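Below you'll find the structure, written out as structure tokens, and then a few comments.
The values are calculated or read from the model by the stated rules, or taken from the named source; none is laboratory data. None of these values were measured; they are calculated from a predicted model. Glycine also receives a Cβ, built like all others from the backbone with ideal geometry; neighbour counts cover every protein chain displayed. Heads up: the accessible areas ignore ligands, DNA and RNA and are worked out on the full protein's heavy atoms, side chains in. Shrake-Rupley method; radii C 1.70, N 1.55, O 1.52, S 1.80 Å.
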Amino acid sequence: MLDNLHNLDLTAKDLELIESALHTQKKILTVQSHAGGSGARQRLTDLKHLMKRINRSTARPQRASRQSWGQFARMLFCTQCDEVR
């Protein structure tokens, strides 16, 4: 089966946002599949394959990836840090 492939111009920030949303979706599907949700296991498998394809196509250095996740975590959990400084 051939899928139609599309090219998109995405910034690094766009990719980080997409990756974080996919990781959140993966967590949700994991819980649903453990609970016996219908179709959740197949969707989880599909999502894992998609995430692998995205990681292969973006192929960033590992250190830069860790920094971006660290920045993302600070943004999430430290919303008042800027107000304190």
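Quick one: length gained pulling S38 to K26 fully straight, 0.36 nm per residue minus the C-alpha distance?
2.8 nm
How much net charge surrounds H34 when only the other residues with a Cβ under 14 Å from the Cβ of H34 are counted, with Lys and Arg +1 and Asp and Glu -1?
Here the count lands on +4.
Which percent of the accessible heavy-atom area of the range 10-59 goes to carbon and sulfur, probe 1.4 angstrom? Don't skip to the end; give the middle numbers.
Values: 2120 of 3650 Å².
Carbon-and-sulfur percentage of accessible area, whole number: 58.
Which value in nm describes the separation of the simple spin-label points at Q71 and L17, placed 7 Å from the Cα toward the beta carbon?
Once both label points are built, they end up 1.4 nm from each other.
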